[in-house]
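Only one structure is covered here, and it is reproduced in the block below.
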Amino acid sequence: MQTLETRQLIAFTELARLGSFTEVANQLGLTQSAVSHSIKALEKQLEVVLFERFGKNVSLTLEGQALLPYANKIIAQMQIAQDGIQILKKPGYGRLRIGATVSISQYLLPSILREFRESFPNYTITVVTEDTKKLVSILENGKIDFAIALETSTSSRFKFTNLFNDQIEMAISPVHSIAKKENISRDDIADEEFIFYKSTSETFHIIEGIFTHMSSKMNASMQVGSMAAIKEMAQYGMGIGLIPRWIALDEISSGRLIFRSLPTQNANRSWGIYEVKNETVSIAKMIFTGICRNVVETRKLRTEILSKSKM
């Protein structure tokens with residue numbers, strides 16, 4: 001059997017991702033004719049139709065869907081091999097591709113990368129910021145080496161290493177009507193307006209579960225695409241922010257926000273590192289994981305101190 005060509009597989013995976021010959025041609029620096037020829041040649045070799053055509057757009061057939069994970073894995077392994085050869089040619093050089101959620105990217109990743117850069121100054125570092133579900137998909141396609149995200153149900157292909165646990169709490173302005181209450185009941189917040197992260201995120205699904213567990217509804221609410229915006233709105237008394245404590249250490253320290261637990265036991269989350277099982281782990285990757293743990297432990301310690309100082 002004739003071996004599949006790399007350029008055909010690359011064209012195939014990009015067309016599956018982008019759904020447009022024009023966009024693939026622009027992405028790969030080829031003509032549309034060249035992309036079309038690669039796909040037709042691949043279909044002819046496999047004796048199947050891989051895409052259904054809808055005008056200028058395409059979508060995968062069942063055969064195309066079956067081929068996609070194999071193609072992604074082949075390309076990812078070839079990239080790993082290429083990177084390994086380059087590292088041997090230039091000791092101390094390499095590449096680290098990291099995926100992280102918005103919260104991790106904004107509040108933890110800068111410290112992690114600063115320490116990593118001190119150990120590996122010649123590494124090329126790429127960061128992809130997405131929600132958990134999207135990051136897991138990108139990792140599965142071999143586009144990143146790690147994903148730092150929330151624990152969720154995933155493919156058995158992944159290894160998940162826990163870094164820390166947190167919980168969704170209520171961030172309240174000191175002048176809010178319920179700010180002086182230490183223990184807040186469901187009745188206290190029945191008519192309050194809540195501010196929470198966008199509905200496509202894993203955090204939103206957790207918040208939905210919290211209110212379902214409390215047999216309550218969010219009668220008034222605002223969805224915001226930024227944790228910083230949630231904090232700002234809560235400070236101005238525009239509502240109660242639903243966020244974890246560790247992203248608001250400065251606001252807690254300065255007294256601009258007060259945190260109170262939700263009247264439920266169902267607000268806990270688990271954060272960690274996703275990686276593909278059985279892949280070769282380099283020294284750089286091992287050190288990166290260790291740095292993540294060190295930074296998280298430092299941040300957790302600060303959180304505990306601040307929490308106790310406010311009691």
How many residues does the range 47-64 hold that are of a type in the set (Val, Ile, Thr) and not in a loop (DSSP other than H, G, I, E, B)? 1
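Quick one: in the range 229-248, of everything that is more than 22 Å from the chain's Cα centre (by Cα) and aliphatic (A, V, I, L, M), which residue is surrounded by the fewest Cβ atoms within 10 Å (Cβ to Cβ)?
If we filter the range 229-248 for residues that are more than 22 Å from the chain's Cα centre (by Cα), which is where we start, we get 232-240.
If we keep only those that are aliphatic (A, V, I, L, M) too, we end up with 233-234, 238, 240.
On the way: Met233: 20, Ala234: 26, Met238: 14, Ile240: 26.
The selected residue is Met238.
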Subset tally (residues that are of a type in the set (A, V, I, L, M, F, W, C), touching a helix residue (DSSP H, G or I) at 6+ places or on another chain (Cβ under 6 Å) and assigned to a helix (DSSP H, G or I)) for the range 231-248: 3
Looking at this structure, is Ser59 out of contact with any His (no Cβ under 8 Å at 6 or more places or on another chain), under 25 Å from Ser137 (Cβ atoms), surrounded by fewer than 15 Cβ atoms within 10 Å (Cβ to Cβ) and not charged (D, E, K, R)? yes
Condition test on Ala228, is it part of a helix (DSSP H, G or I), within 19 Å of Glu130 (Cβ to Cβ) and outside the structural domain of Val102 (by TED's automatic domain parsing)? yes
Within the range 17-36, how many residues turn out to be more than 16 Å from Lys143 (Cβ to Cβ), of a type outside the set (A, V, I, L, M, F, W, C) and part of a helix (DSSP H, G or I)? 6
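When you check Glu279 against the structure, is it closer than 22 Å to Lys73 by Cα and at pLDDT below 75, yes or no?
Working: closer than 22 Å to Lys73 by Cα: yes; at pLDDT below 75: yes.
Spelling it out, Glu279 is indeed closer than 22 Å to Lys73 by Cα and at pLDDT below 75.
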Scan the range 175-196 residue by residue and report those that are within 18 Å of Glu232 (Cα to Cα) and among the acidic types (Asp, Glu). Glu192, Glu193
Taking the range 182-212 and keeping only residues that are surrounded by fewer than 13 Cβ atoms within 10 Å (Cβ to Cβ) and more than 31 Å from the chain's Cα centre (by Cα), one is left with Glu182, Asn183, Ser185, Asp187, Ala190, Asp191
Quickly run through the range 180-218 and pick out the residues that are at pLDDT 85 or above, in a loop (DSSP other than H, G, I, E, B) and not basic (Lys, Arg). Ile184, Ser185, Glu192
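So which residues in the range 231-251 are of a type in the set (Val, Ile, Thr) and either at pLDDT 95 or above or more than 15 Å from His176 (Cα to Cα) (or both)?
Quick first cut of the range 231-251, residues of a type in the set (Val, Ile, Thr) only: 240, 243, 247.
Across the range 231-251, the qualifying residues are Ile243, Ile247.
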Considering residues that are surrounded by 16 or more Cβ atoms within 10 Å (Cβ to Cβ), β-branched (Val, Ile, Thr) and in contact (Cβ under 8 Å) with a residue 40 or more places away in the chain, the number found within the range 119-177 is 7
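Go through the range 1-16 and count every residue that is free of Cβ contacts under 8 Å to residues at least 40 places away in the same chain and part of a helix (DSSP H, G or I).
Within the range 1-16, the subset free of Cβ contacts under 8 Å to residues at least 40 places away in the same chain is 1, 3, 5, 7-8, 11, 14.
Next cut, part of a helix (DSSP H, G or I) only: 7-8, 11, 14.
Here the count works out to 4.
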Close pairs from the range 53-65: first within 12 Å of Leu15 (Cα to Cα), partner of a type outside the set (Phe, Trp, Tyr) and loosely packed, with under 13 Cβ neighbours inside 10 Å, Cβ under 6 Å, at least 6 apart: Ser59/Glu52
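The values are calculated or read from the model by the stated rules, or taken from the named source; none is laboratory data. Just so we're clear, the structure is a prediction, and the values are computed from it rather than from any experiment. All Cβ positions, glycine included, derive from the backbone under ideal geometry; neighbour counts span all protein chains shown.
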